[in-house]
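Enquirer: Have a look at this one.
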Amino acid sequence: MSKVVSLEEAIRAIKDGDIILTGGIVEDRRPVAAAMEIVRQQKRNLVLIGTCSLCDDIMVGGGCVEAYRGTYTSNGAFGISPNFKRRAEEGTIIFDDIGHIDYSLGVMAGQAGIPFIASKTCIGTDVLNPAYDNLAQVREVARNKDVLPNKKYVLMEDPFFGMGTVQLIPAIKLDVCICHVQMVGEEGTVRIDGSLTFDHMAALSARTVIITAERVVPESYLRQDPNRNCIPCTSVDMVVEVPWGAHPGQVYNCYDMDIPFLQEYSLSCTTQEGFDQWAAAWIFLENGHDGYLDKLGASRLEKLRAVPPYGYVPRNKGGLK
Amino acid sequence: MNDLFDKRSRQTRDSKVVSLSEAITEIRDGDVLMLGAFIETRRPMAAAYEIVRQGKRGLILLAQCSLAEDILVGAGCAVAWRGCYTGIASFGLSPATQRKTEQGEFFPDEIGHLDIIYGAMAAMAGCPFVATRATLGSDVLNDEMNRNQILRDKAGNQAMIPEKKFALLEDPFYGQGTVKLLPAMPADVAIIHTPIAGEQGTARINGSLAFDHYFIHAARTVIITTEQIVPEDYLRRDPNRNQIPGTAVDMVVEVPWGGHPSQVPGCYDTDISFIRDYVAAAHSEEGCQQWLQEWVYGIHSRDQYLDKIGASRLEKLRTATPVAYRPRSIL
């Protein structure tokens, strides 16, 4: 059964107040086109989980996000996520910091269907400082409160290996997971090139899974090498073909980062007016994503195309600087 | 700090590529040992034979007690086991395991199917335990069948076995009620058999990974036996197709047909009559010893094993493209 839908249709499934995770990491394989459609559809009160980088920061700028629970709020070399930074300093976004490993272990527990996992990684850090524990406020925003844990963590003595005090980390669960990938079958089997980040785990922890992909391909092609596939179609609800759907980020083996575009974003979005102007120029376009691609222009995109066997654009080949 | 999840020190060598006997020498009596893959698929059989030949003793097995493990039990190399499955699929219960357990010479400590996955996952992540509702209400939690202390007493390094088999706790996060705290399942040594591996240990598996991708990070020493050693460059061209990073691997051994009589998807299928003969023989101590004499003690090299089976018999096991097994129609 084909799960292929339009981007607009897929994003319509997201409800205000949903707990949402976007795949990829920092500016790598991020579902940017999906985030822009979320802004266009003016979703509200979303709770972001994981990281607040490129596509997440666009949703923050668009007023879609009320709370964030995660471990990283930057755009890599392009500085701290500008919309998040501004809203955090204004006190108009709720955020609850967890550790890098808390995030991976939490998603791993979520995919395994277990309620929590024990770790020593954040012991002695401010992740455990009650003054910064904002989980209760995050829960207030969420539509489905049972998707979030009652407590941020619990400490107990390890009863098994004498490891002393350990932190019990609750599983991360999600209403919605959106991943952007290189290739997906029409029934939802996903093939990722390069780092999987947490996508293969997060997709199993979410009630609704939306895959946007550079290309939708026949399932029979993907099934010829099952070991190369990363997310089973049984976990996927909707499939959307969105070429260049992670621009201005990179997609390994497809295209590299659009550096000037990312720089312009960081500079524009230090104020809300700046973001609104940027959004008017790049998000609220006629024809949605097609309008976005036409405005970028084919020649600009061609300069970003990845070179085999590297999977990115080597410096000596140019790209966009 | 507990060194449970750290690599074990061993003899330094220039290359990770070693002979099978060199690799197996690293296993110590009393080690907690995990043999890769599942039942009669992709089992490190040649490695198991070599463990028998080297006369290892007191090993504690993890995860399952199936084809490869049963040979270790029959030969008296293994004394205890923690896991969830003691059969050889359609060939019946693991014969030596069944016999020695009934005679009180072998000590099984049963956990749930999901427990072995979560236990390996926790050890892979360096976590001391995870919480689960799996096995609540079952005899896995029955004190009368709890042999955790026996495992602890018999382990060469007691720290590898948790102080308790499990603990119960109210779930503080999601209101799931009473949950079981399940300890991590670290191993002293893991041996994984793969279709191909690079000389630095990067390995590629076809078909089910079973728990191998967890156990390579859960074991303090990792030995890869492989059908073929290939240049690392070749494997690095499609990194997403590799499941075992070289950084996790200590030793690599090339052993063609090293999984025989189990199947290796993409290479060869199960040698049904060979396993049937083993199971029939291993039901008695005498039969088991005769079988070991014929196929293990009496065999002095891998080449001798292959020649004894015979090239024409092996060729009939080779898998067909694209199905990665031997379809009935061409048997």
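Enquirer: Among (1) within 14 Å of chain B (Cβ to nearest Cβ); (2) within 16 Å of the chain's Cα centre (by Cα); (3) closer than 22 Å to B:Asn242 by Cβ, there is one condition A:Gln250 misses while meeting the rest; what is its number?
Expert: Just one mismatch for A:Gln250, condition (1).
Enquirer: Restricting attention to the stretch A:62-79, does a residue exist that is within 14 Å of chain B (Cβ to nearest Cβ) and not small (Gly, Ala, Ser)?
Expert: We begin by selecting, within the stretch A:62-79, every residue within 14 Å of chain B (Cβ to nearest Cβ); these are A:69.
Filter once more, keeping what is not small (Gly, Ala, Ser): A:69.
Yes, the stretch A:62-79 has at least one match.
Enquirer: How many residues are within 26 Å of the chain's Cα centre (by Cα), more than 9 Å from every other protein chain (Cβ to nearest Cβ), surrounded by fewer than 18 Cβ atoms within 10 Å (Cβ to Cβ) and among the hydrophobic types (A, V, I, L, M, F, W, C) when one looks only at the stretch B:138-188?
Expert: Qualifying residue count for the region: 3.
Enquirer: Could you list all residues from the stretch A:9-36 that are touching a strand residue (DSSP E or B) at 6+ places or on another chain (Cβ under 9 Å), part of a helix (DSSP H, G or I) and farther than 14 Å from A:Cys177 by Cα?
Expert: A:Glu9, A:Ala33
Enquirer: Please indicate, with yes or no, whether at least one residue in the stretch B:98-110 is more than 30 Å from B:Thr270 (Cβ to Cβ), at pLDDT 95 or above and within 11 Å of chain A (Cβ to nearest Cβ).
Expert: The answer is no; no qualifying residue exists.
Enquirer: If I ask for residues that are free of Cβ contacts under 8 Å to residues at least 24 places away in the same chain and either out of contact with any helix residue (DSSP H, G or I) (no Cβ under 9 Å at 6 or more places or on another chain) or not in a helix (DSSP H, G or I) (or both), which ones from the stretch A:128-139 would you list?
Expert: Answer for the stretch A:128-139, where residues must be free of Cβ contacts under 8 Å to residues at least 24 places away in the same chain and either out of contact with any helix residue (DSSP H, G or I) (no Cβ under 9 Å at 6 or more places or on another chain) or not in a helix (DSSP H, G or I) (or both): A:Asn129, A:Pro130, A:Ala131, A:Ala136.
Enquirer: Still on this structure, please answer the following. Being of a type in the set (Lys, Arg) and modelled with pLDDT under 95 is the filter here; which residues of the stretch A:218-255 pass it?
Expert: A:Arg223
Enquirer: Which members of the stretch B:153-199 meet the condition of being of a type in the set (Gly, Ala, Ser) and closer than 26 Å to B:Leu61 by Cβ? Break it down into steps so the answer makes sense when it comes.
Expert: Keep residues of the stretch B:153-199 that are of a type in the set (Gly, Ala, Ser), which gives B:155-156, B:159, B:167, B:175, B:177, B:184, B:187, B:190, B:197-198.
Scanning the stretch B:153-199 gives B:Ala155, B:Gly156, B:Ala159, B:Ala167, B:Ala184, B:Ala187, B:Ala190, B:Ala197.
Let's see how each residue does on (1) in a loop (DSSP other than H, G, I, E, B); (2) touching a residue at least 12 places away in the same chain (Cβ under 8 Å):
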| position | (1), (2) |
| --- | --- |
| B:Val130 | no, yes |
| B:Leu136 | yes, yes |
| B:Val140 | no, yes |
| B:Gln149 | no, no |
| B:Asp153 | no, no |
| B:Gly156 | yes, yes |
| B:Ala159 | no, yes |
| B:Leu168 | no, yes |
| B:Pro172 | yes, no |
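Enquirer: Tell me, please, whether a residue that is surrounded by fewer than 23 Cβ atoms within 10 Å (Cβ to Cβ) and away from chain A (no Cβ under 14 Å) can be found in the stretch B:201-219.
Expert: Going residue by residue through the stretch B:201-219, those that are surrounded by fewer than 23 Cβ atoms within 10 Å (Cβ to Cβ) are B:204, B:206-210, B:213, B:217.
Now restrict to residues that are away from chain A (no Cβ under 14 Å): none.
No - not one qualifying residue is present in the stretch B:201-219.
The values are calculated or read from the model by the stated rules, or taken from the named source; none is laboratory data. Everything numeric here is computed off the predicted structure, so don't read it as measured data. Please note: Cβ atoms are built from the backbone with ideal geometry, for glycine as well, and neighbour counts cover all protein chains shown.
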